[in-house]
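The structure appears right after this line, and notes come after that.
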Amino acid sequence: MPNFDTQKILDHYFRREYGKTVAMLLSRFGSDKLELVEDAVQEALFKAMKSWPYQKVPDKPEAWIYRTSYNQLIDTLRKEERRNKHTDKSSSEPTGEIKIPDLIEDEELKMVFACCNPLIKEKNSIILSLKLIGGFSVTEIARAFMMNEEAAKKALQRARKEFKEKIKNLALPTDFQLKEKLPRVLKVIYLMFNEGYKASDGDELIKEDLCGEALRLSLILIEKEELATDSLYALISLICFKAARFECRTDMEGNLVTMENQDRSKYNSEYLKWGFFYFSKAGSQSKRSAYFLEAAIEYYYNSATAYSSIRWDKQLALHIELQKIKPSVNGYLHFLIVYHKIEGATKTLEALKKAQPQFQENHLYHTFKAEILQELNELAKAKEHLHLALNLVKNNIERKYLRQKLHSISGNNSISL
Amino acid sequence: MKKYLYLFRGGDGRNVNQSPQQMQEHMEKWGVWMNGLNEKGILDSGLPLANEGKVVAKKGQDITDGPFAEGAEIVGGYLIVNAKNLEEATNFSKECPIFEYEGTVEVREISSMEM
């Protein structure tokens, strides 16, 4: 019996092939066949799973999967046709010669632009990208977003519906459309990455996969010369810089490790390398994008040899610039965190007090304010804010962190929470 | 040495609708397991079976479409292995990935014509 060569199958190979094959078939059969295409590819992978170990991995596994999916789809369409008794042009195609599209990469790229079309809601775009391009299952999507499976299924159904309504044909945007469509793709990638990057008590593995998928999507784009813009370089660099710290954000017991206490030697050197590489490519622009500024902030975090040698002055200037083009509550808080490093606790507290109204519902605000108050030795008030933060925080890792903080302020007197 | 047949029933995870990732992982386990048997000289041959098929009875007067049994019992493939006796053949099957999805391995001795 031939040996099944596991070396031939790369990590996440089935996920990738799922996405590519769905893209090729959808491009050929139209978006109204979405569910049938998904089922056909699922079935082909199932057949691969059942037969490959007995024989061997086919010489051209991609072609095998495509052909099997194609036949499966035609078979289903024929059955449907017989049932409905009306002729459908697409399903009457001969099955003799099944040619794989020459430019698989283009088919995949078309899917990226279809899933991230500005007409589709952002949340739906993320879900569609994960399911149709990334080959994530409903269960995996549910795990990634920490929702129950039923809710994920419904979300996916809504997303599919919107996709079919708004996307009729898959096509690459023309140069003219690119300016309008690329920013949305980048935003979806950015949001997908952040969703995965959030410290969580959920499933770290799937969260990491989410980050990996965001990176992969951005690397699909970079292959195309006209898409390789400064914003894309900046986004990839931002992703790589943050991904480098992924495993250092929590310790073995699942406790949150703040950047100050992270072991910098454990940052992923491969990601760091790519982060610096793409950052250097993104630096030529005259008009700096938010992605560039965020990447630059990460650059200063990661390039410092120690936490104490971080260039806070550079960071502050970047945060101010970022707030101008992309103002946000969290962005402002991060600005204040840097501001504190330079101006000290008293002035930061004043700034925090001024900012108060819009921050009341933000647990990071209360956490940070508690830290400042603690530094100023206003322990009672610091505790008050930690309690407020605890009431707002949703994530167990951060909750644990806050409790430990509260505990350390209160000394060893036990506190009831 | 005698030859034994492993008949695999169910256990392909169809009812749980695996994700592409799970299918790949499951496939790799089968590959690793079969490679292991092969390297130890236990494995003789084997093939997977498609789920579609026909059941023919009464000289073809009675032909029905598969599947042939309830989902969990469909035979998905077979292997022929070398073993000293039924006990050993049974032991070799214990690491089979089919149990991950609650399938079964039926172990049968292949009748020998040798005297």
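Reported count of residues in the range A:7-65, each being aliphatic (A, V, I, L, M), within 28 Å of the chain's Cα centre (by Cα) and more than 9 Å from chain B (Cβ to nearest Cβ), is 12. With respect to being out of contact with any Cys (no Cβ under 7 Å at 6 or more places or on another chain) and open to solvent by 20 Å² or more (accessible area, probe 1.4 Å), A:Ala214 falls outside the description.
None of A:Tyr332, A:Tyr307 is at negative phi and open to solvent by 60 Å² or more (accessible area, probe 1.4 Å) except A:Tyr332. Number of residues in the range B:4-41 that are among the polar types (S, T, N, Q) and at the interface with chain A (Cβ under 7 Å from one of its Cβ atoms): the value is 5.
Taking the listed residues A:Lys353, A:Lys369, A:Lys347, the one that is at pLDDT below 90 and part of a helix (DSSP H, G or I) is A:Lys353, with no other qualifying. I'd like the full set of residues that are farther than 24 Å from A:Thr367 by Cα and surrounded by fewer than 12 Cβ atoms within 10 Å (Cβ to Cβ), limited to the range A:256-270. Hits for the range A:256-270 are A:Ser265, A:Lys266, A:Ser269, A:Glu270.
Can you tell me which residue among B:Leu47, B:Leu37 is touching a residue at least 24 places away in the same chain (Cβ under 8 Å), open to solvent by 60 Å² or more (accessible area, probe 1.4 Å) and in contact with a helix residue (DSSP H, G or I) (Cβ under 7 Å, 6 or more places away or on another chain)? The conditions single out B:Leu47.
Residues checked against (1) over 30 Å from B:Asn82 (Cβ atoms); (2) surrounded by fewer than 20 Cβ atoms within 10 Å (Cβ to Cβ); (3) at pLDDT below 90:
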| site | (1), (2), (3) |
| --- | --- |
| A:Arg15 | yes, no, no |
| A:Met24 | yes, no, no |
| A:Tyr54 | no, no, no |
| A:Trp64 | yes, yes, no |
| A:Gln72 | yes, no, no |
| A:Asp75 | yes, yes, no |
| A:Thr87 | yes, yes, yes |
| A:Ser90 | yes, yes, yes |
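Number of residues in the range B:7-34 that are touching a residue at least 24 places away in the same chain (Cβ under 8 Å) and closer than 16 Å to A:Gln55 by Cβ: the value is 4. Of these, A:Glu298, A:Glu343, which one is acidic (Asp, Glu) and either open to solvent by 40 Å² or more (accessible area, probe 1.4 Å) or out of contact with any Lys or Arg (no Cβ under 7 Å at 6 or more places or on another chain) (or both)? After applying the criteria, what remains is A:Glu343.
Quick grid of which residues meet (1) touching a Phe, Trp or Tyr at 6+ places or on another chain (Cβ under 9 Å); (2) surrounded by fewer than 17 Cβ atoms within 10 Å (Cβ to Cβ); (3) modelled with pLDDT of 95 or more; (4) acidic (Asp, Glu):
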position	(1), (2), (3), (4)
A:Ile206	yes, no, no, no
A:Ile220	no, no, no, no
A:Ser237	yes, no, yes, no
A:Phe246	yes, no, no, no
A:Gly254	no, yes, no, no
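The set of residues from the range A:364-381 being crowded, with 21+ Cβ neighbours inside 10 Å and not charged (D, E, K, R) comprises A:Tyr365, A:His366, A:Thr367, A:Phe368, A:Ala370, A:Ile372, A:Leu373. The test for being open to solvent by 70 Å² or more (accessible area, probe 1.4 Å) and either modelled with pLDDT of 95 or more or of a type in the set (Ser, Thr, Tyr) (or both) does not hold for A:Asp32.
The set of residues from the range A:382-397 being in a helix (DSSP H, G or I) and open to solvent by less than 40 Å² (accessible area, probe 1.4 Å) comprises A:Ala382, A:His385, A:Leu386, A:Ala389, A:Leu390, A:Ile397.
The values are calculated or read from the model by the stated rules, or taken from the named source; none is laboratory data. Just so we're clear, the structure is a prediction, and the values are computed from it rather than from any experiment. Glycine also receives a Cβ, built like all others from the backbone with ideal geometry; neighbour counts cover every protein chain displayed. Heads up: the accessible areas ignore ligands, DNA and RNA and are worked out on the full protein's heavy atoms, side chains in. Shrake-Rupley method; radii C 1.70, N 1.55, O 1.52, S 1.80 Å.
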